[in-house]
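Working notes, beginning with the structure itself.
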Amino acid sequence: MVSSLRLPALTSLFSPSFTRRSTVSLRRRLHLRPPLAAGFSAQSAASSPTETEDRVDSKKSGRVQDRGSTDRVITPRSQDFNAWYLDVIANAELADYGPVRGTMVIRPYGYAMWEAIQDYLNVKFKETGHSNMYFPQFIPYSFIEKEASHVEGFSPELALVTIGGGKELEEKLVVRPTSETIVNHMFTQWIHSYRDLPLMINQWANVTRWEMRTKPFVRTLEFLWQEGHTAHATLEEAEKEALEMIDVYTKFAYEQAAIPVIAGRKSKVETFAGADKTYTIEAMMGDRKALQAGTSHNLGQNFSRAFGTQFTDENGLRQHVWQTSWAISTRFVGGIIMTHGDDAGLMLPPRIAPVHVVIVPIWKKVDEKTGVLDAASSVAETLKNAGLKVKLDDTDQRTPGWKFNFWEMKGVPLRIEIGPRDVSSGSVVISRRDIPGKQGKVFGISMEPSILEAYVKDRLDEIQSSLLQRAISFRDSNIVDVSSYEELKEAISLGKWARGPWSASNADELRIKEETGATIRCFPFEQPQGTKTCLMTGKHADEVAIFAKSY
Amino acid sequence: MAGGEQKKGGGEQKKAGGGGKKKEVKKETGLGLSFTKDENFGEWYSEVVVNGEMIEYYDISGCYILRPWAMSIWENMQTFFDAEIKKMKVKNCYFPLFVSPGVLQKEKDHIEGFAPEVAWVTKSGESDLEVPIALRPTSETVMYPYYSKWIRGHRDLPLKLNQWCNVVRWEFSNPTPFIRSREFLWQEGHTAFATKEEADTEVLQILELYRRIYEEFLAIPVTKGRKSELEKFAGGLYTTSVEAFIPNTGRGIQGATSHCLGQNFAKMFEINFENEKGEKSMVWQNSWAYSTRTIGVMVMVHGDNKGLVLPPKVAALQVIVIPVPYKDADTQGIFDACAATVAILSDAGIRAEADLRENYSPGWKYSNWEMKGVPLRIEIGPRDLANNQEVEKDVKARTKGEMGAAKSLCTPFEQPELPEGTKCFASGKPATKWTYWGRSY
């Protein structure tokens, strides 16, 4: 059952000026407030709630308390995309705010989306020869220091444990921000000869990065992910593995999440601290900003040299191993929310959706109720037996209209309505989430199991591909091919992505970031043919790069 | 073995620096355990979990690396348990690792029980945190403020959540892989009900699932029972557990626990609901968990002096097929037969693989896979090929042992008859029930 949520407090937490807390959460304030007021983030140093703000807040929350027709209000996307995002997450019960700044509580509906991602990827990882294992969460600080650029890249974000069991620890321990250092430490012990290679493992774990600015799913202090780590005898094998994994991610994004990512290679500036090459999948969100949805690194011998991870090759020579690492995280859930949602809320691709079909029985008179509920139950059974995830919303505490709004907001792909007339005619009414209004509604679908099952499955497949097609059109219509810096600036200022030839320097790249806010998302694998000249320098360029503002 | 890691083996040192094209075949196993289960149980255990490639020791005392061979066992149990609780309409979620000190201290008995074991984050990067942050030793205090927020009326109940995660308990007593480590993996279920009856029912339903994990998956007999007041969960109403027995040491071991928290946490965290009559009432709660300790118990009960012994239901590999080539024999034919055997078994849903590595002798492989505890071994040699037969060998283990000082393990639900006039062995007063006593981990 849904409990009403206090919107003002929730929305304000993750936006830059987060310190205005609703007085409705008075009871909670006692234990939730102190850590927040402790000033971990730069923002909290600013304001404390003013009287006027409190009054406004409690008025707003007064409205929220009223369980009338609209206790869920979602800010329109076009008005304030960030507020829309936070509203959807709160109303669709995907996540809540953790007691420690920047942490998040993943509620069952949101967690189920993560599980769908996990289940799919787990199978793929096993198919590609990887084994799951689990490394400790604590890393001795000395490990982190071994790879110089790595420690430079991560050090401000490290959470350090210095007290355990009431005693000061001998060496401070880092709560893992990523596991390369531990993995290499162990790889050094396990790898001796070429016969021990390739070594291919993966772990599902939580990692911690003490971020300054956070956003649910997209950037949280602690998040869940999988990190794969492999060691190979040759550079070629490592490169092949890195590319194979980014391909696994790309297929996953397209086929399961209906997100048409652009896969490519990061620029040197954007490459992972400690990697030779970073490959990425970039997704365009509903506000046209880019989201880095997954990465795969060819680490070369950077870590193996730092940790002495060597093997004896077939000729008896000692060599350093070549490594890769690759990861997808709960950020991807944020990507799904922002790619497909609309002003009514979430819109979930069937292959990720925790619920495929919601059944809403409708009755006016008391004597209609039993017949309708019985029919609804048997329809639910039919579809469950067909392997679908079904929710029968038969509570009489809410009107059908309320339920329609609620489940649309939860992004459920299909809704089945059953009223007394449907019961007599042995048919149901089916509505698609992705097509609003009358257009998306079909009457008179037979309740007969084989017919209904086939119809529902077909519609779900259609919705899956339709969401992908829409996302592709949206993406393509928002990428501008540019041939000069002026054109690039214009495209970015219009909120679009710019794609143009690039062979300029790191300094030039940083200049673009400073002047426009856009960064190179990647050099896409799919490159146009023909000669190209750099949009900045006019010199020859081998590749085009994609520029965009990003999360 | 596809993908995962391979054993380096004791013979490795002899190979170091060897050059040349000569194929070195490992004949000497160097894989035997140096300790016996009967004589040095503690050392035997530490050795077998490492040699069986389940555990790797780590630079931080009390923290261990779980290798694929152990992880797969954890995952097999997880698949079963997750499906069962989903049937009970429990939903998975994820709460933060970090706990603010204020919340941690809300339930005073609870915090007294756990405070000495908490690890604290005190810095981020170079700067000190204004308020140190704790890492969850268990998640009651993390989750219950949200329960308070989310539960309003009886329609919000029951609330049944579970999470699979890692927890941290900074202990100083003997760290033992799987059995007692500073970080371990587990599941923790936290449920809230409108009535005590519902809570009581669930406590036992979950306990039954734990029994099934032990008895059906790990082949370990356990006794269900209720903990004494002293041993129950800090802050709870009563605790039930499944207790296992380690024959070699005569010690008992707590296998898993299912607690009824009563209304203690509801009181502290103000978890109230409006019942059907419109009255305000506190919820009744349970919490229940089992951890990677299960794997340790399995090793202790079934392992023998040759290594691990894995019950087929949880073993990553149930059958290992080993070719036994002979000088002039049709080696390729033997390899093909091995592959075919694996295919047949795999199609039948059996987890089988062939060990075709040419740099290890059959003898070495026998020892290796026995060490790793694979339930069945199939050998295929030239004669078998000719006769179209296969030779099977079973790997089994039995051990027994005795030891001293004890504590109460649990009061079993199944009580044998208590003759009138039986006196409590400790106090001399008339006894009211049978209780298990023993040494425990």
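Distant-in-sequence amide contacts of B:Thr257, defined by a placed amide H-H separation under 5 Å and a gap of 5 or more residues or a different chain, comprise B:Ala289.
Would you mind classifying region A:164-289 by shape? Square roots of the alpha carbon gyration tensor eigenvalues, ordered a ≥ b ≥ c; an a/c under 1.5 is rounded, otherwise it is prolate if a/b is larger than b/c and oblate if not.
Values: a/c = 2.11, a/b = 1.11, b/c = 1.91.
Oblate.
Determine the sum of side-chain charges near A:Ala253: Lys and Arg each +1, Asp and Glu each -1, restricted to other residues whose C-beta is under 13 angstrom from that of A:Ala253. Could you put the intermediate results ahead of the total?
Values: positive: A:Lys124, A:Lys251, A:Arg331, A:Arg351, A:Arg475; negative: A:Asp247, A:Glu255, A:Glu282.
Net charge around A:Ala253: +2.
Taking other Cβ within 10 Å of each residue's Cβ, how do A:Ile337, A:Ile191 sort, fewest first? Display every interim value, and only then the final one.
Details: A:Ile337 28, A:Ile191 24.
Going from least to most buried by this count: A:Ile191, A:Ile337.
Placing pseudo-labels 7 Å out from each Cα toward the beta carbon at A:Ala454 and A:Lys384 gives an inter-label distance of 2.5 nm.
Set the Förster radius R0 to 45 Å, insert the Cβ-Cβ distance between B:Glu126 and A:Lys539 as r into 1/(1 + (r/R0)^6), and round the FRET efficiency to 0.05. Working from the Cβ atoms, E equals 0.60.
Spin-label model, B:Ala219 to A:Glu514: label points 7 Å out along the Cα-to-beta-carbon direction sit 7.0 nm apart.
Using DSSP to define loop residues, name the GluC sites (Glu not before Pro) in region A:434-535 whose beta-carbon has at most 16 other beta-carbon atoms within 10 Å. Write out the running numbers ahead of the final one.
Details: sites: A:Glu453, A:Glu462, A:Glu486, A:Glu487, A:Glu490, A:Glu509, A:Glu514, A:Glu515, A:Glu526; in loops: A:Glu526.
Those satisfying the criteria are A:Glu526.
Residues A:Ser329, A:Ser473, A:Ser550, arranged from fewest to most other Cβ atoms within 10 angstrom of their Cβ, appear as A:Ser473, A:Ser550, A:Ser329.
Applying both filters, DSSP loop and at most 12 other Cβ atoms within 10 Å, to the GluC sites (Glu not before Pro) of region B:197-238 gives B:Glu229. With a Förster radius of 22 Å applied to the C-beta separation of B:Asp347 and B:Met88, the computed FRET efficiency comes to 0.10.
When both bridge partners sit in chain A, DSSP labels roughly 80% of those beta bridges antiparallel. What whole number of Å gives the distance from the Cα centroid of region A:83-138 to the Cα centroid of region B:323-361? Centre-to-centre distance over Cα atoms comes out at 41 Å.
What is the order of A:His232, B:His190, A:His540, fewest Cβ neighbours within 10 Å to most?
A:His540, A:His232, B:His190
What's the FRET efficiency of B:Gln332 with B:Lys267 using the Cβ-Cβ distance as r and R₀ = 60 Å, to the nearest 0.05? List each step's numbers first, then the result.
Details: r = 73 Å, r/R0 = 1.22.
Plugging the Cβ-Cβ distance into 1/(1 + (r/R0)^6) gives 0.25.
The stretch between A:Glu526 and A:Lys124 holds 142.4 nm of extra length on full extension. This uses 0.36 nm per residue minus the Cα-Cα distance.
Based on the alpha-carbon gyration tensor of region A:482-549 and its eigenvalue square roots a ≥ b ≥ c, which shape applies: rounded if a/c is under 1.5, prolate if not and a/b is larger than b/c, or oblate?
Working: a/c = 1.62, a/b = 1.37, b/c = 1.18.
Prolate.
Dividing the helix sum by the residues of chain A, where each DSSP H run of 4 or more adds -39500 (n - 2.57), gives a mean residue ellipticity at 222 nm of -12000 deg cm²/dmol.
Exceedance of the 27 Å cut-off in Cα-Cα distance is limited, within the set A:Lys289/B:Lys123; A:Lys496/A:Lys539; A:Lys549/B:Lys149; A:Lys438/B:Lys91; A:Lys438/B:Lys89; A:Lys289/B:Lys160, to A:Lys289/B:Lys123; A:Lys549/B:Lys149; A:Lys438/B:Lys91; A:Lys438/B:Lys89; A:Lys289/B:Lys160.
Readers should treat all values here as calculations from the given coordinates under stated rules, not as data from a laboratory. As the structure is a prediction and not an experimental result, all values here were calculated from the model. For neighbour counting, all protein chains shown are included, and Cβ atoms are generated from backbone atoms with ideal geometry for every residue, glycine included.
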